[in-house]
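The structure appears below as structure tokens.
The values are calculated or read from the model by the stated rules, or taken from the named source; none is laboratory data. These numbers come from a predicted model, not from an experiment. As a convention, Cβ positions derive from the backbone with ideal geometry for all residues, glycine included, and neighbour counts pool all protein chains shown. Quick note on the areas: whole protein, heavy atoms, side chains included, nothing else; ligands and nucleic acids left out. Shrake-Rupley method; radii C 1.70, N 1.55, O 1.52, S 1.80 Å.
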Amino acid sequence: MQRTLTLVCMVTLLLFVQSHARAQEQEPFKKNLIGGSLAFNNTNGSGTWYDSEKYKSTKSLVTVTYAHYIKKNVALGINLSYLYAHENNPTTNDPYTSNTNSFYFAPFIRYDVPLWQSRFTIFNDLGISGNYSRSIKHFDTYTESSKFWGLGAFYSPGLMFRLKSNISLQASFGPLVSYSYSSSDDAYGVNTHSLNFAGQHILDNLQFGINFLF
């Protein structure tokens, strides 16, 4: 974890120095931001539950963001996300495949921290969230479905680079700290509370995006 954070800090510093060396006049203030990001994760069998390399899991995430700056460096916004997950687990006594569709919305307040006169800005999103998902699991002899919904709160930082006056690129690691409550209608009917820290899995949630400012 320490090596990962050191590498991220070094890359950020190098980019900042390069940008600062050829910095131009500060870009004009824009009141609105609309953008999107993509994330993809692929996992092959590992960990406590999956001892065979035949286990596979893939996740694809699409996020759309809108934010309105009520004053410079402070904005109100909302994230809308769609997640598709596919799991193939032939390693258990009752092998199965599953497909999950999840929908997520999260209003937030954003605080920007410009890095001196460079084109880089650190943004900090603090907000609440709601989500709904449906999962269908196919076994050899039967199929079962379940629905989940949840509420939560989160803190999510990221780095934004002003490519042009109306276009910026961004990178973020998803929620760094989050709290969630979830409920399901499956056979177990479990209600759960959890407090999560990205920790050593921070790179698993890496997202890249592009924003348009106007």
Q. Within the set of pairs 6 or more residues apart or between chains, which connect a residue that is closer than 16 Å to A85 by Cβ and of a type in the set (A, V, I, L, M) inside the range 46-61 to a residue that is in a strand (DSSP E or B) and modelled with pLDDT of 75 or more with Cβ atoms less than 6 Å apart?
A. L61/A39; L61/L83
Q: Please indicate, with yes or no, whether at least one residue in the range 76-88 is of a type in the set (S, T, Y), under 16 Å from G36 (Cα atoms) and open to solvent by less than 40 Å² (accessible area, probe 1.4 Å).
A: yes
Q: Would you check if there is a residue in the range 133-144 being touching a Leu at 6+ places or on another chain (Cβ under 9 Å) and not charged (D, E, K, R)?
A: yes
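Okay, residues lined up against (1) assigned to a loop (DSSP other than H, G, I, E, B); (2) more than 19 Å from the chain's Cα centre (by Cα):
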site: T97; (1), (2): no, yes
site: T100; (1), (2): no, no
site: F105; (1), (2): no, no
site: D112; (1), (2): no, no
site: Q117; (1), (2): yes, yes
site: F123; (1), (2): no, no
site: I128; (1), (2): no, no
site: Y132; (1), (2): no, no
site: I136; (1), (2): no, yes
Q) Looking only at the range 101-128, which residues are closer than 18 Å to V62 by Cβ and open to solvent by 30 Å² or more (accessible area, probe 1.4 Å)? A) N101, F103, Y104, F105
Q: Can you work out which of the residues in the range 171-206 that are among the β-branched types (V, I, T) and modelled with pLDDT under 80 is least open to solvent (accessible area, probe 1.4 Å)?
A: I202
Q.
When you check T63 against the structure, is it in a strand (DSSP E or B), at pLDDT below 95, of a type in the set (V, I, T) and buried (at least 17 other Cβ atoms within 10 Å of the Cβ), yes or no?
A. yes
